[in-house]
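The values are calculated or read from the model by the stated rules, or taken from the named source; none is laboratory data. Remember, it's a predicted structure, so these values are computed and weren't measured experimentally. Cβ: placed from backbone, ideal geometry, glycine included. Neighbour counts: every protein chain shown. Accessible surface is based on the protein model in full, side chains and every heavy atom, while ligands, DNA and RNA are left aside. Shrake-Rupley method; radii C 1.70, N 1.55, O 1.52, S 1.80 Å.
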Amino acid sequence: MSEPSVENVVIVGTGCAGLTAAIYTARANLNPLVLEGGQPGGQLTTTSEVENFPGFPEGIDGFMMMDNLRKQATRFGTRFQSTLVTEVDFTSTPRKLICGGKTILANSVIIATGASPRMTGIPGEKELFGGKGVTTCATCDGAFYRNMDVAVIGGGDSAAEEALFLTRFCSKVYLVHRRDSLRASKIMADRATSHEKIEMVWNSSPVAVDGVEEGAVSGLRVKNTQTGEESTLDIKGLFVAIGHVPNTGPFAPPLDTDENGYFKPAPNSQVQTNVPGVYVAGDCADHVYRQAITAAGMGCQAAIEVERWLADQE
Ligand code: NAP
């Protein structure tokens, strides 16, 4: 059987970081192959309005922005393949990416696999996830809870954003946070705490989701962290917005990660890894900034590094 051809650069992931890397490497005539996994377009496809990406004074719909990035990457010749990387061999040259039964060979690799929503792990959460009332995406599922009471768990920008979005449909939105002040940026925190439909449930940790036997969320039990007292919020929908875990999957090891599980770039670099020719970009390697614009910036950096690295190998 003939050996598969060797790709110049394979980019894993189609969020802001992956697609920006695709645009840059495609424009540099490197003919990139982009592998897209289970959530094409990444996290921004589940965001309603992106208000802080420079160049869009009126804001832009998250899905539309990712669609535009994809079109831009395609325009310069990027190829896309829908497949999941299950295993890698970075000891060999070229590098090997194993996707199910198929092996892709690559002279260089950019991993931009993003991050996935973190879950609380409380009883009932897993059982009622999906169409039964527990979700991590207000943009996707908010409209199902028209005129109902819902709760959002979390205290960051995501939780504030989800809660504000849900006010468009829901009668009441409880914002359940384990401390007495939000971690969210001031503008988002002010908007959420002053909204008439949002009721803050401070100093409260989630304990369990009710409704498992009935197959639909009927309440959220919370415990006051100061008094230990438990109470139940009468809700039909629960939106979990407590941050993300990096998708390092089959790449770590061999790639180094930090104590939080994020890819750990080599010293003096944001995107180089401990394996020559293998780069990382975006939320899978950034637990500090985690913005669309910083992910795009890392994608650009990785693409320029790849270009230089490939030139050095010639
Ligand atoms: P985050 O900032 O890490 O906030 C996570 C929140 O969840 C924190 O308030 C945390 O509580 C709480 N939490 C964590 N584990 C918990 C648990 N087991 N039970 C209950 N609560 C728990 O995550 P994020 O809100 O997803 O934001 C991530 C990044 O994206 C941030 O940099 C943010 O600024 C950015 N972002 C920006 C926008 C925007 O600008 N429009 C929108 C969304 C996100 P503690 O506060 O007590 O730690």
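May I ask you to verify whether T273 is assigned by TED's automatic domain parsing to the domain that holds G62, open to solvent by less than 80 Å² (accessible area, probe 1.4 Å) and without any contact (Cβ under 8 Å) to a residue 12 or more places away in the chain? Spelling it out, it is not the case that T273 is assigned by TED's automatic domain parsing to the domain that holds G62, open to solvent by less than 80 Å² (accessible area, probe 1.4 Å) and without any contact (Cβ under 8 Å) to a residue 12 or more places away in the chain. In region 98-120, how many residues are within 16 Å of the ligand (Cβ to nearest atom), under 25 Å from Q270 (Cβ atoms) and either open to solvent by 30 Å² or more (accessible area, probe 1.4 Å) or aromatic (F, W, Y) (or both)? Total satisfying the criteria: 3. Residues in region 169-178 that are within 14 Å of the ligand (Cβ to nearest atom) and part of a loop (DSSP other than H, G, I, E, B) were compared, and the one that is surrounded by the fewest Cβ atoms within 10 Å (Cβ to Cβ) is R178. Taking first residues from region 112-140 that are at positive phi and partners that are acidic (D, E) and more than 12 Å from the ligand (Cβ to nearest atom), the Cβ contacts under 8 Å between residues at least 6 apart in sequence or on separate chains come to G124/D210. Residue-level analysis places S181 outside the set of residues that are more than 27 Å from Y289 (Cβ to Cβ), within 11 Å of the ligand (Cβ to nearest atom), assigned by TED's automatic domain parsing to the domain that holds T136 and outside any helix (DSSP H, G or I). Among the residues of region 67-97, those identified as within 23 Å of the chain's Cα centre (by Cα) and either open to solvent by less than 40 Å² (accessible area, probe 1.4 Å) or basic (K, R) (or both) are L69, R70, K71, A73, T78, R79, T83, V85, V88, L97. Among the residues in region 251-274, are any under 23 Å from E305 (Cα atoms), away from the ligand (no atom under 16 Å from the Cβ), aliphatic (A, V, I, L, M) and over 22 Å from the mean Cα position of the chain (by Cα)? For region 251-274, residues under 23 Å from E305 (Cα atoms), away from the ligand (no atom under 16 Å from the Cβ), aliphatic (A, V, I, L, M) and over 22 Å from the mean Cα position of the chain (by Cα): present. Only residues that are within 16 Å of the ligand (Cβ to nearest atom) and either in contact with a His (Cβ under 6 Å, 6 or more places away or on another chain) or over 16 Å from G219 (Cβ atoms) (or both) were counted in region 136-155, giving 8. Away from the ligand (no atom under 11 Å from the Cβ), assigned to a loop (DSSP other than H, G, I, E, B) and closer than 18 Å to L128 by Cβ - does that describe any residue in region 156-168? No: zero hits. The strands (runs of 3 or more DSSP E) found wholly in region 14-128 and carrying at least 1 residues that are closer than 18 Å to S158 by Cβ occupy 115-117. If the condition is being surrounded by fewer than 18 Cβ atoms within 10 Å (Cβ to Cβ) and in contact with a Ser or Thr (Cβ under 9 Å, 6 or more places away or on another chain), then region 121-136 contributes only F129.
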